[in-house]
Every structure is written in structure tokens, then in C-alpha cells.
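Visitor: One structure follows; several queries about it will come next.
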Amino acid sequence: MGQQANRSGGSLKVLGKRLPNLDAVERVTGRAKYVGDIDIPGMLVGRALRSAQTHARIVSIDTSKAEALPGVKAVVTYKDAPKVALWGHRGYVLNDRVRFRGEAVAGVAAVDAETAEKALKLIAIQYEVLPFVIDPEEAMKATASKLFEDGNQEGQARILTRGDVAKGFTESDKVIERMYHCPTMWSGSLEPRCAIAQWDGDRLTLWASTQAPGRNQDNLCALFNLPDANVRVIASYVGSGFGTKSANHMDEGLTALLARKARRPVKLQYSREEEILDSNTRFETKFYAKVGVKKDMSLHSLDVRCITNLGAYHTRLGGLGNHCTHVYRIPNVRTEQYRVHTNIPNTGPTRGVGDPQECFGLESLIDEIATEMGWEPLEFRLKNIKRTGDPIARGGAGTEDGRLVTQVLDKCLEEGAARIQWSRRNATPGAGQTGPKMRGIGVAATERGGGGGQGGTTIKVFKDGSVVLFFASTDIGTGTRTTLPMIAAETMGVPVSSVRAVSGDTELAPYEGGSFGNRTLQGTGRAVEAASRECLRQILAAAGPMLNNAAPADLEMQDGVIRVKGQPDRNVALSAVMVRRGNIVATSITNQPQTGMDVERTSGAHFAEVEVDRETGKVQVLKYIAAHDLGRPMNLTIVENQLEGGTIQGLALTQGEEMRFDPRTGACLNANFLDLKPPTALDFDPRMLEAIVVENESILGPYGAKGLGENPTHPGMAAIANAIFNAAGIRLREVPFTRADILKALSEQQTTPGRTA
Amino acid sequence: MANDDREKLSVSRRAFLKGGALATGALSSTLIPLGPAEGADRAPEATDLDPRRSKIELKVNGVAYRVDVPNTTTLATLLREELHLTGTKVGCDRMQCGACTVHVNGRSVYSCTVPAVDAAGTEVLTIEGLAKGDTLHPIQQAFVEHSGFQCGFCTSGQIMSTKALLDRNPQPTEDEARQALSGNLCRCSAYKKILESVMTASRLSRA
Amino acid sequence: MENFSYSRPATLKEATAQLGKEHGKIAIMAGGTDIYGGEMKDNLLAPERLVHIKHLKELQGIRQGTGSLRIGASTLLSDIVESPVVQKQAPLLAMAAGKIGTLQIRNMGTLGGNLCQRPRCWYYRNNYPCYKHGGNACFSAIGENDQHAILLGGPSFIVHPSDSAPALVALGASARIVSGTGERTVPLDKFFVTPRENVRRENVLLPNEILAEIDVPNAPAGSKAIYVKEMVREVWDFALCSVAAMVTLKDGVVQDARIVLGGVAPVPYRAVKAEAALKGKTLDEASATAAGLAAVDGARPLSKNAYKIPLTQAVVKRALLSLA
Ligand SMILES: Cc1cc2nc3c(=O)[nH]c(=O)nc-3n(C[C@H](O)[C@H](O)[C@H](O)COP(=O)(O)OP(=O)(O)OC[C@H]3O[C@@H](n4cnc5c(N)ncnc54)[C@H](O)[C@@H]3O)c2cc1C
Ligand code: FES
Ligand code: FES
């Protein structure tokens, strides 16, 4: 493979540089059209009627008054909704049952917003109110109110075992048990969900704010029983997603249903409150963990029981990742996951899926056992982490049948420790500090799959030598509309400025699911590299006759000029070749490469220095280092931006973003930004945050790249909890870390003196 | 007006706007650009037929308009739906995100919560008013150079707040810059690159 | 939001003439950040008519009175923050107003609106049928109450959300209130009412009255003041607890002290016991700590807000020490 040559690094012309995003001008001038900005003549305003019930059965629903209102063009209810489940979802676009407060029970399309809103009020619904349950452990009880006929548990418990944990604990020298809790947390975007549907006979076009146009297309085809060729999904500018837009959602189907019934295009724009209540938010986890170690500082046995609160509905994904089995060498591991439905809003994969929650649990636990044993937590980690060459499971099973390659977690830990000056930490947590402000340093490690999977692209080279790249996954702020053209420019030897990307259009590009799970750069990137190579092959073949019949093997292209190797003055411009050749089009669909035994992951380590105010309970982050493996960086500016942003999103979970439910009504009480408290520019000073790109190269990705979108969000909660412990000697096992929690823990600490670190 | 009539009207207006004759078109019955001298300091007038609608005159990016909207209309909606200036984004509609930041009479405000009737007689500046033709404003240049965004949804607001800052304080410190932009959320948390962009913007604007 | 008719009266007289006899139907809008941006958008309120007083010249601006500043109710918060005379004669107010929301909010909201804004209690804002909405329960009492009152609570446990209010009470300001039939002046610490006095409203204004002007006595010569606000976020947040503290010192000894708390009671809470504890004392760690303890004397926390007690103690102590 030509990649090998490029791996030497020295010859790269475009990749590895800091380049501005290719679509930056559109974004800074306000010209970029997000779905909500699109206007189609004759378009109607769609609105959803959201139920004020938490759990109820619809006895009757009368829409006649709404339909009679002048200006109303369509009203739909569960009776209109096809009985086709959404992606992995238990429910339909609209249901005859309300399973969370805020669930849509009807949709309206009208000539303007005022009419649509008036119509919503005219829909009369009679409910049979059912008891509700919002705590997942309550919901597991036989006596709990049932959301679904077959109960509240989603499938069987997911159990994964390696070795024998019970035996492992008896062999251990020390065993501790703890519980870590992450509540349901908001994880949406700044752009609220929005969709526009337009029918032309039995052909449907849907503009959506989605990460996954391909999945949306699949879903709409199933809903309306249409061939793939009849459904086109377009997601050009997407106001970020963080996973919440990676699964199919009811709004796309609802918009299409309304447009079909009204025979007019319909736009359904979510309000902020709707976006918070009805997207796929980050799920609650109750993580019960037991760990055993031996005196020789080795981790010996780990048993985890995790209860995941899926809320009313679920997408196919959702559960823990692989931290428990993949980060450390532990001979005996067992994880048991229960996925439980309750009457809170639907949840789904959001940045890291269950990894941040799992990382919080595991990395806090590792710190706690180290403290119990009097071990230095970094040394303990370095002694136990998996390194290149260590056995690791290839599939989802426990058995370690593969071999870990290109793993640099050790380097992440070492470089991060050096940068934060780890030796400054308190040898005895919480000790020796005078005055009300206590400082401490903590660490947390993480890992995840590097992304990839099937990818596809079509590349067109035009007569003047300009290039357009079509791919059906999306740029949700991740910069793929810049890095993928950079890969094409590098591979073909054309200037980046001559390459443009058209993303997120299922009709123009080969099928791809979408952009999620660290996948686009590797998966689509491989296809871009392959298709670019094919374009280059055709270009060189066409250039030969123009250069005294030089053999293509003797030709190369640089900066859009084809020349005979070693004879730079024998050359011809790409545009001249293309004028003679006409268009060149190449399509590539690539699968995940076969790697045999080899397993590649991507890892990272975070280090936090915090100051805890003993009197006010305030925690301030003074320094934060995020050291990551992402293979070879394709564009350092974009890489840093992703690392910095992802890191702050992880830290945000320590400050707020918990969705708070009223125990008596099941209503979410804080579905707005003021009360969810996403961080502002002042909360985590960006200057204290430093991202480190640890040198590495992937064996799988194009030019050695690995995906990186998810990982920086994982370790924040654990790194901060561990730093708070180091500062103040208090252990927080529930996020967010509120003033109330901290002041309470400090006062309990005072009343139980003699506690050793 | 019956709903269906209004619908026709708005459709024809949309079609007309598509033609790009925004600044000069005398065809629309609800959107009449005015001469430069008019439009200033005028209170809204109730529409003859419906006291819950108002005729509003205002200037946006130097162009004067007269629109007739329901009193519930916000300035953000007026800009986006009546004038088709969709660079101003709405992320929360509650003064809680900053995506809708524009300048009214030189002050930065959340247009999602400025009643359109309150904006009557004012001069509004939006993101669309910054670039001169194809030449980006120095602040925009700086955001391009540093990738002061990820998804870009907050970017118009960040840039308008940067402009408000630099108009009053051309050479801010980093702390002043963070403070001045603390009314604009970036959910992607591109805060570090945004800060770099603001500092470069200050340099470029003074150059 | 329900549609409404709109008026922009030209004079204060015209404005008062348009007001009605009950709250709600005809409503006053100043900057609109709360009434329009909050109450009406969230369907807590659907007035038939809005009387817009932001543009009234009579209600705008900062004037010199005798020994005081007279600030029109419709003056924008950002004008107050930036005003050199306010910074000089009532720096406490400038500091407190600077802590309100964000720059954009201060560019939109007015002083009068800030004093008259409605509570931020989640149950109130989610339209639960609580006392404030005419019902007969306070849902926070046995619900999510981590942000609620530890002092003077009951039957409603809201906290007063305004940042300018504690500063103005500390400064001894008074409110000039105008109606169609006349006007009255009310000291600001009598302007706000506890739920026991009137469970539905937070101040003494009648439906036909407009808060026209705030008279702010110049800070006493030799006094020093500070406003400290604790929030979950660094900005764009209401106070978990705040303190407006002003002391007059002579040779390090406290001659006079004003300590007013925000975010802990349904009204700006004048901590008279803390003030008394300070008088005649040298301002130092011991006296500041004692004042902090005295400030929360009598506090009765709900199930989730006990943390406000040590927090308030610490904030009072630190505010005072910063003035020593
Ligand atoms: C996101 C957000 C954050 C905020 N953060 C803070 C904060 O940190 N600190 C803080 O103190 N406030 C905060 N606020 C509240 C904001 O400061 C106030 O809403 C603003 O000051 C009110 O001023 P306004 O002119 O917009 O009032 P309006 O919304 O116009 O009016 C508010 C209320 O007062 C009445 N009113 C107004 N003026 C008069 C008058 N002259 N006479 C009689 N009645 C009158 C109105 O009828 C209405 O009931 C925040 C608001 C939001 C939306
Ligand atoms: S849309 Fe106006 S502040 Fe969020
Ligand atoms: S760039 Fe996405 S919200 Fe700021």
C-alpha cells in the first residue's frame, strides 16, 4: 500500500498542517444554511402536541376541531403512524400510549405558527392515567408499573465474563465495594432539532439536522414502505450532534407524515425545551462495583453490576463500553448490565455513549483501591494498564482472543503526568493544607474503539481540474468537510483549495450510516484515500500521451501539475489533461480492513489540578491536561478544537447538566439552559486547558489516523473526582459535584476525624 | 384577514424575496424598504384591522424596512422570517444561549427576546452586515484563521459580541475578552479557539 | 405566547391612565426580559395588553438629587453599571448591577424591571398551581428545594431573584411610585413583601401603579462596600446566595454596617443581627466570622438547601474581611 511510503511522514504535503476549515467563510458570514434556515415556497409550519401526562393510555383523541380551523392542513395522531418501530426503538412515530411527560401525541401542519399552535389546543385527548416510575431500580421490581407488555427490562441482562470473579476475590488481598451514580444528563446541541419534508409523488426528500442521513433514509423507507431510491436525506450544515442526532428519531417520521397528509412541504422546528425533553439524552447509570487487588500491586478481580435507565424508549445503542475489560490487565472480570425503561424521556448514544459513565465509575474505583492500599495511583495504573502486545478481546466477548496493537496509553499517562507535574500532588490526600483553599491533582485514563467500519465516497474531477468529494456522512462541527478533502488533496497531489466536499446527501454519495462513534475520519477517510488513488490513476493514464507517451508509473502529480519523475520540466497541468479527458469519477466503498489477531484501540489520559474551597464548596479547575492518542493528526487545529471542546463537555458534567425530575409528577423541572447550566467561557478557563497529541500511527486509518470525537469527553468526571479527593480527602461518587455535596462531605469529614488517606 | 389569504400573501412574498430584490422591491405589500432618511425613531403603529398586529419601521444593516407583524413577533423572527436574514440563529428563544445576538442602536442584545415592536425605529446590525461584499470583516477573518467554531451555530452570536467588545475596547485583555463573550454559549465548547480568534480580531481590526 | 395589543404611551400620565385594576390583564413591560421573555413565552401570563414604559423619557436617566441619585425605573442596567456617578456615589449598586445576567441582558433589562421581576422557582416557572399562581401550595416545600429560602420562608419558599435589590436596600434607597391618582414614596426595605404579608406578590405595587424612580442616597462618607454573589456558574446565573455589605470604619472600628442578603429569602434580607454584631468592633477575622454566624441566625433549611447556611456564613465573612 502506498500508505507505507506516506507513513515515513516526511513526504506529506497537506496532512498534518494547520489549515482553516474549508467551509469557514460560510460559517462566519451567516451564509451557511442549517435546516432551520431553509425556506421552500408553500412550506407549512409543523408543531407537535406534547402530553402533560407522565404515563397514560390514550382512550380517545378528537382532532376534528383542530382540522376544522382555517389554515390547518394536516393533523396526525397514532392512528396515522405506521406500525414500524424506529431504529431499535420500542415505540412508533406516535403511540397510543404516553410513556414520558413531554412525549408527542399528535402533529399539526398549518400555514403559520400561530394557527398551528391554536390547533394544538383544539385537540381533545382522554387519558387513562397510569402509575409511573422514574427510578430504574424501582422499575426492575415485579410490582412496578409496566411501560411495555413484557416488562420494563430491555432484553436480557448483558453479561460478560473472564476468569472467575468469586475465586478472584478470595485470592485477593484487599477487596472494596462502591457505587457511582451518573444521573440522566442533557447532551444536546445548540441547534435544536429541525426537519423539513417534501414529497413529490412517492418520492420523499427530507432535510434534517442529523448525524446519520443513511440511518434516516433506512428508517423512512421502512416507515413508508418505499424503495431506497425514493428517499433522499440531506444534512448539509448540522449544528452539532454529540450522538443525540445519530439515531433515528420520531421527528423525521412525523414531519414526513404531516407533509404527506398535507401534500405540502412541512418544517418541524423543535423549541429548546422540546430538544431537551425529546432527543436522545445521556442515560443514567448506577454502577455497583467490587474490586480486588493483590499485595504485589496487581488488579486481580473486578465485578460490576450496572443499571442503566433507558427512559421511555431506547435506541439500539446504550450501555457501558469496554473500560472494565479493555483498560487494565485483570484476570477475572465480570460485568452485568441491566437496561431498564422508566417514565423519563428517551435516551440514546451521546458522546462516548456509556463510556464517560463507566470511566467515572472505574477510574474512581481504581483511585479508591489505590488509596486503601497506600499506593500511588499513577504508578498503580501504569503497572496494570494494557500495552501494545497484551491480549485483548476482539469481539464483544470476555475471552481475550486478540492482541492489542498501537496502544500508547502508557505514553498518554506519562506525558500528561510530566506536563501537570504530577509530583506536586499531595502525598497524603487532603493533608497539610492551611487556609480555606485546598489544592490537589487527579488522573483518569480512558479508551475506546478507533472508529471506522464501512465507508464510501464518490469523487468527481472536473474539466478544469477542480475536485468535489461526495460523502453521505456529515460534518457536525467535527471538521470532516476539511480533513477528508485534505486526504484527497494529499493522495491526488492537488491543492486543497481546489477540493470541495458535499456531505450528508444520501442521493449523491454511496450509502453510509452516518457520523458517530469516532468513525468518519477512519471509515470514510479510507474510502476517500482509495477513490483519490483511482482518480489519480486515471489522470496519470490520460497524461501519458501528452508527455511523449510516458508510462503512468513514471509520472507523479504535485500541486495539480503532472510531471515525469526526475524531469520536472516535462510536465502538464491537470486542467490541460482534464480538458482532453473530460470528467473523471471514482467511487470507493471500503470495509474495515482485516487485521487478523490485531486489535487497535484509541486511548487517552486526563490530569486535573483543582482548588476546593472548604467554606463555599466551590471547586475551581486550575490546570487540565488532556493527553490523547489519535494516530497521526490530519489537521492540528481541528484536532485541538475537538480535544478541547470534548474535554470541556466532560467537565461540564461535573458542574451541571443533570436533568431533574419532580418525584411527584415525573416532570423534568429544569429543561432550559439557565437551569441546566452548560458551561460559559468563564466556567472552565480555556487557558488552563492543554491538549497533548501523543505521537502514534494507526495501522487502519488513512495515513495513520484514528478517530477521536468521543474520547475527550470520557475522563473529566473521574479526573475531577480524583483531584477533589487529592485536594480535600473527600470522595464524591455522584455527579454533578454540587456545593451541597461538597459542603456536606467536608462537614462529615470533620466529624469523623482520624480518617487516613 | 382569513388565514388562507394571509397564506397566499406570505407565499407571494417569499417567492418575491427569492428573486433577491430585497432592498429595492416596491412590490410587496408588507415589506416596503424606505429611503435612508425615514425609519428612525418611529414608534410602531397598530394595524388598522387588528390591534394585535403592528406596522414597524426599522433599519437593518443600513437598509430601511417596513413590516407588518403580529405583536408576538420577536426581532429574531422578524429578521429570519420576514427579512430572510437567517445568519442570526435561535438556539433557545429565552436569552439563555446568545446565538441570536445582534446589535440594536449599537448595543448587543438577544434578538430572540427583543419584541419586534420594541425594535421599531431602531438601527439593527446583524452578521450579514459585517462583510463588505466578498471582503470579510477582520473579526470574521480572525474566526476563519483560528477555526473559532466547530458546528458554527453559535458563531454569528460570538462574532457580534466580539464586535460589541472591540467597538468599545479595541485592545482588550484575554480576561476582558472572556468576560465580554460570556453571554454566548458554545455547546461545542470551542472556547479556546474563540478566545484566540477574538485576540487576533483585535490585532487585525487595529491594523 | 398569546397575542396581545400593544401601546407605547408618550407620557407617564398616559401610561398610568392605561393601567387596570387587577394584575395580569393589562401589564407593564419595561425591558421585557422577564415579562415577555419569560412569563409570556412560558405561558404563565397572557395579558390582553402590554403598556410599554421603556421608552418613557420621564423614567429614564440618572439625576443628581440632594445627597442622592435619582435613577429612573426604565434606565438600562448597563447604563447604571457604566455610569461614573453611580460608580462614585453608589458603587455598591454598580457592582451588584454588574452581576446581573450577561452583558446582553443588562443591555435590555431595566432597573425597575429588575426590582419587579417574578421569582425563578422551578415550580412557578413550570406553571404548577402554586401560591404564586393563585393556588394553595408551595411545591418546593416537599420537592426540589435546593435553591429555595432558608430565611423568612413560608408559606411560599421562593427567594427574591434580584441582584440590584440587596444593594439598594443596603444603600437605604426608596421607591417613588406613581398611579393615575397620585404618588407615594416607599423605603425599599418596605417595598418588598414576605409571603406572609402577601403570598401572591413580591412587592407593594398595586396593579395601577408604576415604579417611577429609585432614590439612592449617596454612600456615607468613609464607607466601603462590596457585593459578592455565589452561583453555580461564573455568570448567567441567579444567586445561590449573595451579600451586599457596606461598612463605615473609623480607625478600623465599625461605626455603621449594612448587610443585606440575596438568594436566601423571599425578600432582600437585611441581616440586622449581623449588623449589630459588628457595630463598635474592630473589623477582623473574629468579628467577621461572628457576623457571618449572626447573619443566618434563625435560618430554617428545607430538605435540600442546608448548604446555604455555611455558604452564607462564609460569604458574609469574606465580604466583610475584604472591606477591612
Ligand atoms: C437568562 C436570564 C438571566 C438573568 N439573570 C439575572 C441575574 O443574574 N440577576 C438578576 O437580578 N436578574 C437576572 N435576570 C432577570 C433580569 O435581570 C430581569 O429580568 C431584568 O432586569 C428585568 O428588567 P426588564 O426591564 O426586562 O423587566 P420586564 O421584563 O419588562 O419586567 C419585569 C416585571 O416587572 C414589572 N415592571 C417592570 N418595570 C416596572 C415599573 N417601572 N413599574 C412597575 N412594574 C414594572 C413588569 O410588569 C414585569 O412583571 C435574568 C433574566 C434572564 C432571562
Ligand atoms: S436564542 Fe436568543 S439567547 Fe438563545
Ligand atoms: S460552534 Fe457549535 S455551538 Fe459553538
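What follows draws every value from the coordinates through simple rules; no lab data is involved. Because the structure is a prediction, the values reported are computed rather than measured. Glycine gets a Cβ as well: all are built from the backbone with ideal geometry, and neighbour counts include every protein chain shown.
Visitor: Calculate one ³J(HN,Hα) per residue across region B:67-82 by plugging θ = phi - 60° into the Karplus curve 6.51 cos²θ - 1.76 cosθ + 1.60, and present them in order as whole Hz with x for glycine and proline.
Guide: 10, 10, 9, x, 5, 6, 4, 8, 4, 4, 5, 4, 5, 6, 9, 8
Visitor: Where is the GNM fluctuation largest for chain C (alpha-carbon springs, 10 angstrom cutoff): C:276, C:175, C:245?
Guide: C:276
Visitor: Another question, then. Let a ≥ b ≥ c be the square roots of the eigenvalues of the Cα gyration tensor of the protein assembly as shown; is it rounded (a/c under 1.5), or, if not, prolate (a/b larger than b/c) or oblate?
Guide: Oblate shape, in that a/c is at least 1.5 and b/c is the bigger or equal ratio.
Visitor: Also: Among all the aspartates and glutamates, which ones have a C-alpha under 15 Å from residue A:13's C-alpha, if same-chain residues fewer than 8 places away are not counted?
Guide: The reachable aspartates and glutamates, counting only those whose Cα sits under 15 Å from residue A:13, are A:490, A:529, A:556, A:559.
Visitor: Under a Cβ-only charge scheme (Lys and Arg +1, Asp and Glu -1), can you give me the dipole magnitude of region B:138-206 about the Cα centre, in debye to the nearest 20?
Guide: The dipole magnitude comes to about 100 debye.
Visitor: Given R₀ = 35 Å, FRET efficiency for residue B:168-residue C:285 by Cβ-Cβ distance, to 0.05?
Guide: 0.30
Visitor: Using amide H atoms built 1.01 Å from N in the peptide plane, name the residues 5+ places from residue A:710, or on other chains, whose amide H lies under 5 Å from its own.
Guide: Counting only residues 5 or more places away or on other chains, the set is A:518.
Visitor: Also: Which one of A:470, A:483, A:538 has its Cα pushed farthest toward the positive end of the charge dipole of region A:453-591, where Lys and Arg give +1 and Asp and Glu give -1 at the Cβ?
Guide: It is A:538.
Visitor: Right, something else. Taking Cα pairs under 8 Å and at least six residues apart, what relative contact order does region B:138-206 come out at, in percent?
Guide: Taking the mean separation of contacting Cα pairs over the length of region B:138-206, I get 55 percent.
Visitor: Longer than 25 Å from Cα to Cα, which of A:618/C:317; A:267/B:192; B:59/C:57; C:132/C:304 are they? Say none if no pair is.
Guide: Cα-Cα > 25 Å for A:267/B:192; rest within.
Visitor: Let me ask something additional. What is the Å³ per residue value for the convex hull set by the Cα atoms of region C:26-147?
Guide: 134 Å³
Visitor: Here is a follow-up. Put +1 on the Cβ of each Lys and Arg and -1 on the Cβ of each Asp and Glu in the protein assembly as shown; which of C:299, A:670, A:113 then has its Cα farthest toward the positive end of the dipole?
Guide: Of C:299, A:670, A:113, it is C:299.
Visitor: Here is a further query. Quick one: putting +1 on the C-beta of Lys and Arg, -1 on the C-beta of Asp and Glu, what dipole do you get for the protein assembly as shown around its Cα centre, in Debye to the nearest 20?
Guide: About 460 debye.
Visitor: Checking the table B:89/C:308; C:25/C:190; A:463/B:132 against a 30 Å threshold on Cα-Cα, which pairs fail?
Guide: B:89/C:308; A:463/B:132
Visitor: So, one more: Between region A:336-391 and region A:714-736, what's the alpha-carbon centroid distance in Å?
Guide: 13 Å
Visitor: What are the extents of the Cα atoms of region A:325-403 along their three principal axes, in Å, largest first?
Guide: 43, 32, 22
Visitor: So what is the relative contact order for region C:223-323, in percent, with contacts set as C-alpha pairs under 8 Å and at least six apart?
Guide: 25 percent.
Visitor: Also, quick follow-up: Roughly how big is chain C's charge dipole about its Cα centre, with Cβ charges of +1 (Lys, Arg) and -1 (Asp, Glu), in debye to the nearest 20?
Guide: Using only the charged Cβ atoms, the result is roughly 220 debye.
Visitor: Per DSSP H run of n ≥ 4, the term is -39500 (n - 2.57); total these for the protein assembly as shown, divide by its residue number, and report the mean residue ellipticity at 222 nm rounded to 500 deg cm²/dmol.
Guide: Value at 222 nm, helices only, nearest 500: -8000 deg cm²/dmol.
Visitor: Here's another thing I want to ask about it. What fraction of the DSSP beta bridges in the protein assembly as shown is antiparallel, stated in percent and rounded to the nearest 5?
Guide: So the antiparallel bridges amount to about 80 percent of the total.
Visitor: Around residue C:3, under 13 Å between beta carbons, what's the net of Lys plus Arg minus Asp minus Glu among the other residues?
Guide: Spelling it out: positives minus negatives among the neighbours equals -1.
Visitor: Another question about this same structure. As a test of the definition: which semi-axes, in Å, follow for region A:515-634 when you take the square root of five times each eigenvalue of its alpha carbon gyration tensor? Largest first, please.
Guide: Taking √(5λ) for each eigenvalue gives 50, 19, 14 Å, largest first.
Visitor: Which of rounded, prolate or oblate describes chain A when judged by the alpha-carbon gyration tensor and an a/c cut-off of 1.5?
Guide: Taking the square roots of the gyration eigenvalues as a ≥ b ≥ c, chain A is oblate.
Visitor: At what distance in angstrom do the alpha carbon centres of region C:248-324 and region A:442-471 lie from each other?
Guide: 60 Å
Visitor: Mind jotting down the distance between the C-alpha centroids of region A:75-153 and region A:578-593, whole Å?
Guide: Cα centres, region A:578-593 to region A:75-153: 47 Å.
Visitor: Another question about this same structure. Under 8 Å for C-alpha pairs, at least 6 residues apart: give me the relative contact order for chain A, rounded to a whole percent.
Guide: That works out to 16 percent.
Visitor: Students often check this: by mean Cβ neighbours within 10 Å, which of A:67-79, A:213-225, A:333-345 ranks highest, and how do the rest follow?
Guide: The peptides rank, most packed first, as A:333-345, A:213-225, A:67-79.
Visitor: Something else: Identify all aspartates and glutamates with a Cα-Cα distance to residue A:146 below 16 Å; exclude those on the same chain that are fewer than 8 residues away in sequence.
Guide: Those aspartates and glutamates meeting the cut-off are A:96, A:128, A:135, A:137, A:138, A:154.
Visitor: For residue A:295, list the lysines whose Cα falls under 24 Å from its own Cα; do not include residues on the same chain fewer than 8 positions away.
Guide: Answer for residue A:295, where 24 Å is the Cα cut-off: A:167, A:174, A:383, A:386, listed by chain and number.
Visitor: To continue, here is another question. Projected onto the charge dipole of the protein assembly as shown (+1 at Lys/Arg Cβ, -1 at Asp/Glu Cβ, origin at the Cα centre), which of C:61, C:225, A:653 gives the Cα projection farthest towards the positive end?
Guide: C:61
Visitor: For residue C:249, which sequence-distant residues (separation of 5 or more, or a different chain) have an amide H within less than 5 Å of its own amide H, given hydrogens modelled in the peptide plane?
Guide: Amide H to amide H, under 5 Å and 5 or more residues apart or across chains, residue C:249 pairs with C:224, C:255.
Visitor: Across peptide C:26-33, how many C-beta atoms of other chains are within 10 Å of each residue C-beta, on average?
Guide: Across the residues of C:26-33, the mean count of other-chain Cβ atoms within 10 Å is 2.
Visitor: Given that compact globular proteins tend to follow 2.2 N^0.38 Å, what is the ratio of the alpha-carbon Rg of region A:453-591 to that value?
Guide: Output field value: 1.06.
Visitor: Additional query: If you build a Gaussian network model of chain C, linking Cα atoms that sit under 10 Å apart, which residue out of C:148, C:133, C:160 swings the most?
Guide: C:133
Visitor: Looking at chain C as a GNM with Cα springs under 10 Å, which of C:239, C:94, C:314 has the largest mean-square fluctuation?
Guide: Most flexible of the set in this elastic network: C:314.
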